[in-house]
Amino acid sequence: MINTQLINPNNIVIVGGSNNLSKPGGKIIKNLIDGGFKGSLYVVNPKEKEVQGLQCYSEVNELPQVDLAIIVIPALHCFNAIETLIDTKNTKAFIILSAGFGELGEEGQVEEAKIVEKINAANASLIGPNCIGVLNENYSGVFTTPIPKYDKKGCDLISSSGATAVFIMEAGLQLGLKFANVFSVGNAAQIAVEDVLAYMDENFDKTKDSKIKLLYLESIKNPKKLLKHAKSLINKGVRIAAIKAGSSAAGSRAAASHTGAIASSDMIVRALFKKAGIVYCSSRDELISVASVFNYKELKGKNIAIITHAGGSAVMLADALTHGGLEVPAIEGENAKELLSYLYKGSSVANPIDFLATGTAEQLGIIIDYCEHKFDHIDAMVVVFGSPGLFDVENVYNVLSVKLDVCSKPIYPVLPSVYNARKEIKKFLEKGNVNFPDEVVLGRALPQVFFTPKHLEEKEEVITINKEKIRAIIDRASNGFLNANDVLELLDAAEIPRVKEEVFKLKQDLTSNLSNFKFPIVMKVVGPVHKTDVGGVLLNIINEIEANKAFDELMKIDGAKGVLIQEMNSGVELFAGVVKEEGFGHAILCGLGGIFIEVLEDVSTGLVPVSKSEASTMIKQLKGYKLIEGIRGQKGVNEAIFIDVIRKLSQLVQVAPEIIEMDMNPLFGNENSIKTVDTRIRIDKE
């Protein structure tokens, strides 16, 4: 828990403080003093009488009452100091900078757990261990640099890694980013990134709190808490971007189905971020660029005007923007001709608008005014303007700075000449602006922000499927894969359309029921999980003789328990499935089916509950969406039915949370229907 003593202490003790500024215990005292902490500072160090002008105590028990303790001593000595501070000094907040705890193994984990138990029992707060500390309006409690000047309009940064927090601040400050609160949670023994975010949400003041939150997560201990408070903050007008490191490896689940095989933890994290409205970033550069985009007016449409005097940069930027889904539309007509008359011969306004290396500040202002007032189809501008070192570009940057304020459309400045125009760029940043020195990085960040859906509160959808029937099937089933008949009953109870099919264990039962099916049929072995791999799928069986022969062949397969027959279907092969990820709950996956699910890896993911609008977004985000729409004269798939299938899957796992894996591959879809052909469901009641 985060308390007042951690955020705004009246006094702070540095246990392990030092005169040596090359040590964390020395640097943090200097930072606290230089940062102008208004309360009392105490130091504990048995080897010193005075530390950096502060009175030094030999033992913790000699201290007066203290609100916040910053601990910089070896890990094995931390518990005794904390115990004394809690029991005799009424200390309610702790920042442990020391390493050597849970990150090193079992012994450190035991020591860490003992400290957390003591701190929890005292209703106290703990940041760390193994962190760089906390920066806020009240104190500079970190042992690192830089120490950005607190700016309430700057970014709040919450990081699992102290070093990464430093790198983000270093790079961001050079571009003009400002910072407000910085929390490095380290091992997050008590307070994790999502706990800090929850505190910021629950105590949010729109008049003074930052509206930009940047997160670096190495783990998500409580995904539902992160989702809840990110959604809440975004609904309050806050914008959030995050990196989740270590998301590339598949989860520990056995790959018993296509769904399980392709569902990586990265997919699940992306689904969580998408549901919350968090912009997903995969690097510090991306995070900083997205944060810089957040600092400018919000982009309301796809159409971007590129204004430049550097043709190569404009081409690279246009490629990046269009690859991300934005557009660089042509600019033409009478207004375009009129604008061209103000520019030097050889200029172009077709978009990119190239006003040559000799272009002036006055011309830049005219171009921006035309984009703002006369080119109605333009939604935003990117101005790329560097310097070859031949002339002063300060006037250009002054005009740009004014236009950033007065224009209603967002303008994104790309000022790449960080050497030739470093003085002019510095003045530009001092006015509160942010620079994008690399046009391609901006070109990637802008679509990321634009296409991340804002979270919108939606009414809870009513469960419409047969809950009683579903529960009866699940309750009587054992752990593992459901048998074929139970799968069929469950699909019917969930109102998920399926092909006509039946399972037969005896040949005579098959023979006597073949007249109920329309040839050609498909016959599949029941028992082995991956039927195709063992030759357990036989297609295009056209008569009873072939059916009887196929039955004998399939029952010879090792592990065969029966044979399933289906009427053959055709159409676009689709896929839908479910995985359950610890902490995150169920995720629905959808995409193109058949063998393409693993070859193309074109999959959309959504966290349950999945609403109608979310299901629609999932489908539209598929790279193969054109096949679903219909292309080159071929009819597509009934999208409304596909949406309904995804929603029914979402409802099913809410009624039956024991389902840990479900795979419908393929579903055959056409303009009239979608039917699942092969479905596997695995449950775990434990």
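Return the residues of segment 1-22 that are part of a loop (DSSP other than H, G, I, E, B) and either in contact (Cβ under 8 Å) with a residue 24 or more places away in the chain or closer than 15 Å to residue 49 by Cα (or both); say none if nothing qualifies.
Initially, segment 1-22 is screened for residues part of a loop (DSSP other than H, G, I, E, B), giving 1-3, 8-10, 16-22.
If the condition is that a residue be part of a loop (DSSP other than H, G, I, E, B) and either in contact (Cβ under 8 Å) with a residue 24 or more places away in the chain or closer than 15 Å to residue 49 by Cα (or both), then 1, 2, 3, 8, 9, 10, 16, 17, 18, 19, 20 are the ones that fit.
Just to be sure, is residue 367 modelled with pLDDT of 95 or more, part of a helix (DSSP H, G or I) and either of a type in the set (Lys, Arg) or surrounded by 17 or more Cβ atoms within 10 Å (Cβ to Cβ) (or both)? Taking the combined requirement at face value, the residue satisfies it.
From the set of residues in segment 408-441 that are of a type in the set (Asp, Glu) and out of contact with any strand residue (DSSP E or B) (no Cβ under 8 Å at 6 or more places or on another chain), which is surrounded by the most Cβ atoms within 10 Å (Cβ to Cβ)? First the steps, then the outcome.
Filtering segment 408-441 for residues of a type in the set (Asp, Glu) gives 424, 430, 438-439.
Filter again for out of contact with any strand residue (DSSP E or B) (no Cβ under 8 Å at 6 or more places or on another chain), leaving 424, 430.
Working: 424: 19, 430: 10.
Looking at residues that are of a type in the set (Asp, Glu) and out of contact with any strand residue (DSSP E or B) (no Cβ under 8 Å at 6 or more places or on another chain), I get 424.
Checked against (1) farther than 17 Å from residue 298 by Cβ; (2) within 34 Å of the chain's Cα centre (by Cα); (3) free of Cβ contacts under 8 Å to residues at least 40 places away in the same chain, residue 424 passes all but condition (2).
Take the conditions in contact with a helix residue (DSSP H, G or I) (Cβ under 6 Å, 6 or more places away or on another chain), hydroxyl-bearing (Ser, Thr, Tyr) and at pLDDT 90 or above and apply them to residue 617. Does it pass? For residue 617, the condition - in contact with a helix residue (DSSP H, G or I) (Cβ under 6 Å, 6 or more places away or on another chain), hydroxyl-bearing (Ser, Thr, Tyr) and at pLDDT 90 or above - is not met. Taken as a whole, the structure leaves residue 601 outside the set of residues that are among the acidic types (Asp, Glu), within 19 Å of residue 271 (Cβ to Cβ) and crowded, with 19+ Cβ neighbours inside 10 Å.
Of everything in segment 383-402 that's part of a loop (DSSP other than H, G, I, E, B) and in contact with a Leu (Cβ under 8 Å, 6 or more places away or on another chain), which residue is surrounded by the most Cβ atoms within 10 Å (Cβ to Cβ)?
Filtering segment 383-402 for residues that are part of a loop (DSSP other than H, G, I, E, B) and in contact with a Leu (Cβ under 8 Å, 6 or more places away or on another chain), the one surrounded by the most Cβ atoms within 10 Å (Cβ to Cβ) comes out as 385.
Residues of segment 519-540 that are assigned to a helix (DSSP H, G or I) and buried (at least 16 other Cβ atoms within 10 Å of the Cβ): 534 alone. The set of residues from segment 224-242 being part of a helix (DSSP H, G or I) and either on the phi > 0 side of the Ramachandran plot or without any contact (Cβ under 8 Å) to a residue 40 or more places away in the chain (or both) comprises 225, 228, 229, 232, 233.
Only one of the listed residues (495, 461) is under 30 Å from residue 239 (Cβ atoms) and assigned to a loop (DSSP other than H, G, I, E, B). That residue is 461.
Condition check ((1) among the polar types (S, T, N, Q); (2) out of contact with any Gly (no Cβ under 9 Å at 6 or more places or on another chain)) across all residues:
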residue	(1), (2)
10	yes, no
16	no, no
27	no, yes
36	no, yes
43	no, no
56	no, no
73	no, no
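From the list 562, 585, 480, 536, which residue is more than 37 Å from the chain's Cα centre (by Cα) and in contact (Cβ under 8 Å) with a residue 60 or more places away in the chain?
Exactly one residue qualifies, and that residue is 562.
Within segment 569-577, not a single residue is on the phi < 0 side of the Ramachandran plot, touching an Asp or Glu at 6+ places or on another chain (Cβ under 7 Å), outside any strand (DSSP E or B) and surrounded by 19 or more Cβ atoms within 10 Å (Cβ to Cβ).
The values are calculated or read from the model by the stated rules, or taken from the named source; none is laboratory data. These numbers were taken from a predicted model, which means no experiment stands behind them. Reconstructed Cβ throughout: ideal geometry from the backbone, glycine too, with neighbour counts over all protein chains shown.
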